[in-house]
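Before any comments, here is the structure.
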Amino acid sequence: MREKLEAKGLKPRRRVLLSGPPGTGKTLSASALAGELQYPLFSVMLHGLITKFMGETAQKLKMIFDAVKTTRGIYLFDEIDALAAARGGENDVGEARRVLNSFLQFLDEDTGPSIVIATTNLPGILDRAVLRRFDLVLPYVMPDGPAIRQALERRLIGFSLARMGWKRVIDVATGLSTADVVAAAEDAARRAVLNDTDKIATQDLLDALERRRSLQELGTDDNGTRPSALPPSQSRTTSPVPSKGRGRVQKTK
Ligand SMILES: Nc1ncnc2c1ncn2[C@@H]1O[C@H](COP(=O)(O)OP(=O)(O)O)[C@@H](O)[C@H]1O
Ligand SMILES: [Mg+2]
């Protein structure tokens with residue numbers, strides 16, 4: 001396939017941006033792709049890359065892109081938001097902006113054999129300068145009714161879902177991310193197992209989903225403000241999981 005493209009002076013797409021709310025499967029997709037292609041997956045923690053000293057940060061980025069060039073793999077720059085958000089901001093964000101700019105520059109220069117995947121939870125802040133560096137931008141969305149049902153059925157394979165009140169379940173689950181829906185399924189499944197049954201009770205699943213919703217409502221959004229409620233159809237841009245940045249390349253496969 002590569003040869004076919006190259007015969008016409010084209011290159012395979014190697015720079016992919018996954019964009020969408022937290023918990024919609026972006027990170028999961030990167031590792032699934034690595035599994036499919038049998039490439040090693042390297043996750044780069046961007047938050048931890050930023051140091052007070054520009055020289056150090058640039059040096060770290062350079063080391064990573066040296067690896068991109070020499071070691072074929074999937075390089076995941078997860079949640080580039082920290083950098084992108086800073087772009088064009090006025091406050092003490094010069095460093096993040098410089099890191100983003102060097103990141104983009106390294107992307108431009110990269111012609112190696114690796115695949116670079118970046119993810120963002122905040123599509124609104126992506127500007128053209130960022131977007132044009134990617135060969136492919138894939139939007140991720142919050143699950144609709146059928147997607148919710150599918151995620152639940154997949155996670156609950158091996159359990160009995162006979163007489164599940166799907167309509168009520170989907171009503172309560174709407175507005176939650178796939179990650180939350182899957183977590184609720186696991187809660188309900190644990191309860192079934194401990195009760196020595198393989199039948200998932202509608203009420204257990206509803207309770208578990210409600211618990212996820214109240215957890216969501218406790219969270220803060222990216223501006224640090226608390227959402228007052230979770231409107232059913234509105235996608236949220238909050239990650240309840242703090243990212244642990246270490247600024248090094250981590251082999252995860
Ligand atoms: N589209 C999906 N299909 C199945 N499971 C999903 C999906 N999206 C998220 N999940 C579940 O939620 C977990 C977290 O998703 P993740 O990839 O970390 O989301 P993101 O990176 O978009 O925040 C996954 O490991 C998986 O269990
Ligand atoms: Mg993620």
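The values are calculated or read from the model by the stated rules, or taken from the named source; none is laboratory data. What you see is a predicted model, and the numbers here were worked out from it, not measured in a lab. Reconstructed Cβ throughout: ideal geometry from the backbone, glycine too, with neighbour counts over all protein chains shown.
When 189, 208 are checked against the criterion of being under 19 Å from residue 23 (Cα atoms), among the aliphatic types (A, V, I, L, M), buried (at least 16 other Cβ atoms within 10 Å of the Cβ) and modelled with pLDDT of 95 or more, 208 stands alone in meeting it.
Among the residues of region 52-97, what is the count of those that are within 23 Å of residue 122 (Cα to Cα), modelled with pLDDT under 75 and out of contact with any Phe, Trp or Tyr (no Cβ under 7 Å at 6 or more places or on another chain)? Qualifying residue count for the region: 15. Answer with yes or no whether residue 122 is modelled with pLDDT under 95 and surrounded by 17 or more Cβ atoms within 10 Å (Cβ to Cβ). Judged against the criteria, residue 122 is a match. Answer yes or no as to whether residue 220 is of a type in the set (Ser, Thr, Tyr) and at pLDDT 95 or above. So residue 220 does not fit the description; no.
Contact map, region 179-194: first residue over 20 Å from residue 142 (Cα atoms), second residue of a type in the set (Phe, Trp, Tyr) and outside any helix (DSSP H, G or I), Cβ cut-off under 8 Å, separation 6 or more or different chains; pairs are 189/159; 192/159. Screening the candidates 33, 37 for the property of being over 15 Å from the mean Cα position of the chain (by Cα) and modelled with pLDDT of 80 or more yields one hit, 37. Among the residues making up region 1-48, a single one is part of a loop (DSSP other than H, G, I, E, B), within 16 Å of ligand 2 (Cβ to nearest atom) and within 20 Å of residue 69 (Cβ to Cβ): 46.
Checking each residue in region 170-193 for being touching a helix residue (DSSP H, G or I) at 6+ places or on another chain (Cβ under 7 Å), closer than 29 Å to residue 121 by Cα and more than 16 Å from ligand 1 (Cβ to nearest atom) picks out only 172. All conditions but one from (1) touching a residue at least 60 places away in the same chain (Cβ under 8 Å); (2) within 16 Å of ligand 1 (Cβ to nearest atom) apply to residue 136; the one that does not is (2). Residue-level check: of (1) away from ligand 2 (no atom under 16 Å from the Cβ); (2) buried (at least 17 other Cβ atoms within 10 Å of the Cβ), residue 145 misses just (2).
Checked across region 173-191, the condition of being closer than 30 Å to residue 64 by Cβ, within 17 Å of the chain's Cα centre (by Cα) and β-branched (Val, Ile, Thr) holds for at least one residue. Look at (1) of a type outside the set (Lys, Arg); (2) outside any helix (DSSP H, G or I); (3) away from ligand 2 (no atom under 16 Å from the Cβ) and you find that residue 117 fails only one, number (3).
Pick from region 180-196 the residues that are of a type outside the set (Asp, Glu) and touching a Lys or Arg at 6+ places or on another chain (Cβ under 9 Å): which of them is farthest from residue 150 (Cα to Cα)? Checked region 180-196; the qualifying residue farthest from residue 150 (Cα to Cα) is 192. Of all residues in region 55-82, those satisfying the criterion of being within 16 Å of ligand 2 (Cβ to nearest atom) and either farther than 18 Å from residue 28 by Cβ or assigned to a helix (DSSP H, G or I) (or both) are 81, 82.
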